[in-house]
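Here the structure comes first, spelled out in structure tokens, and everything after it is commentary.
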Amino acid sequence: QVQLVESGGGLVQAGDSLRLSCAASGRAFSNYALGWYRQAPGKERELVAALSSGGSTYYADSVKGRFTISRDNAKNTVYLHMNSLKPEDTAVYYCATDVFMTKIRSNAPAYWGPGTQVTVSS
């Protein structure tokens, strides 16, 4: 199975920036779609950003203009650059991958990472 591990989470102040990373072991990202999700206590897991193997992107309205998803195929790593962070961005962030972009968009990817906590204080 593909192994995904997120890193870069932590405690930051509102307005700060943070970059999350997700490294894959055992398989390259080149031909896979990628996604970043988040889940806050009491809320459903939501797709924050997605990136197809062809470079198409998707962003949730709540993060559009503030977050950017990117990939480095040579490093088998996907990033989530988060700017102008708000307290409502506080959540556990997960990366995921699947051969099909439709699986990412439907919140049913084949592989998930364990998540990393992002806490934004005001």
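The values are calculated or read from the model by the stated rules, or taken from the named source; none is laboratory data. Just so it is clear, the structure is predicted and the values come from calculations on it, not from any experiment. Here Cβ is always computed from backbone atoms with ideal geometry, including for glycine, and neighbour counts include all displayed protein chains. Quick note on the areas: whole protein, heavy atoms, side chains included, nothing else; ligands and nucleic acids left out. Shrake-Rupley method; radii C 1.70, N 1.55, O 1.52, S 1.80 Å.
Among the residues of the stretch 55-66, write down those that are out of contact with any helix residue (DSSP H, G or I) (no Cβ under 9 Å at 6 or more places or on another chain) and within 18 Å of residue 83 (Cα to Cα).
Step one: list which residues in the stretch 55-66 are out of contact with any helix residue (DSSP H, G or I) (no Cβ under 9 Å at 6 or more places or on another chain), which gives 55, 57, 59-61, 64-65.
57, 59, 60, 61, 64, 65 - these are the residues of the stretch 55-66 that are out of contact with any helix residue (DSSP H, G or I) (no Cβ under 9 Å at 6 or more places or on another chain) and within 18 Å of residue 83 (Cα to Cα).
Among residues belonging to the stretch 65-76 that are surrounded by fewer than 18 Cβ atoms within 10 Å (Cβ to Cβ) and at pLDDT 95 or above, point out the one that is nearest to residue 25 (Cα to Cα).
70
What number of residues within the stretch 24-81 satisfy the criterion of being more than 19 Å from residue 110 (Cβ to Cβ) and either in contact with a Gly (Cβ under 7 Å, 6 or more places away or on another chain) or among the hydrophobic types (A, V, I, L, M, F, W, C) (or both)?
6
For residue 52, state whether it is free of Cβ contacts under 8 Å to residues at least 60 places away in the same chain, surrounded by 15 or more Cβ atoms within 10 Å (Cβ to Cβ), touching a helix residue (DSSP H, G or I) at 6+ places or on another chain (Cβ under 6 Å) and not aliphatic (A, V, I, L, M).
yes
Quick one: how many residues across the stretch 87-104 are open to solvent by 10 Å² or more (accessible area, probe 1.4 Å), of a type outside the set (A, V, I, L, M, F, W, C), over 30 Å from residue 15 (Cβ atoms) and out of contact with any helix residue (DSSP H, G or I) (no Cβ under 6 Å at 6 or more places or on another chain)? Lay out the reasoning, then the answer.
The first filter runs over the stretch 87-104 and keeps only residues open to solvent by 10 Å² or more (accessible area, probe 1.4 Å), leaving 87-88, 90, 92, 94, 98-103.
If we keep only those that are of a type outside the set (A, V, I, L, M, F, W, C) as well, we get 87-88, 90, 94, 98, 102-103.
Still in the list and also over 30 Å from residue 15 (Cβ atoms): 98, 102-103.
Next, only the ones that are out of contact with any helix residue (DSSP H, G or I) (no Cβ under 6 Å at 6 or more places or on another chain) stay: 102-103.
Summing the residues that are open to solvent by 10 Å² or more (accessible area, probe 1.4 Å), of a type outside the set (A, V, I, L, M, F, W, C), over 30 Å from residue 15 (Cβ atoms) and out of contact with any helix residue (DSSP H, G or I) (no Cβ under 6 Å at 6 or more places or on another chain) in the stretch 87-104 gives 2.
Under 6 Å between Cβ atoms, which residue pairs at least 6 apart in sequence (or on different chains) link something in the stretch 85-97 that is modelled with pLDDT of 95 or more with a partner that is open to solvent by 40 Å² or more (accessible area, probe 1.4 Å) and polar (S, T, N, Q)?
87/122; 90/119; 91/39; 92/39; 92/117
Filter the stretch 6-26 down to the residues that are among the hydrophobic types (A, V, I, L, M, F, W, C) and open to solvent by 30 Å² or more (accessible area, probe 1.4 Å), then identify the one that is nearest to residue 89 (Cα to Cα).
Across the stretch 6-26, the extreme among qualifying residues is 14.
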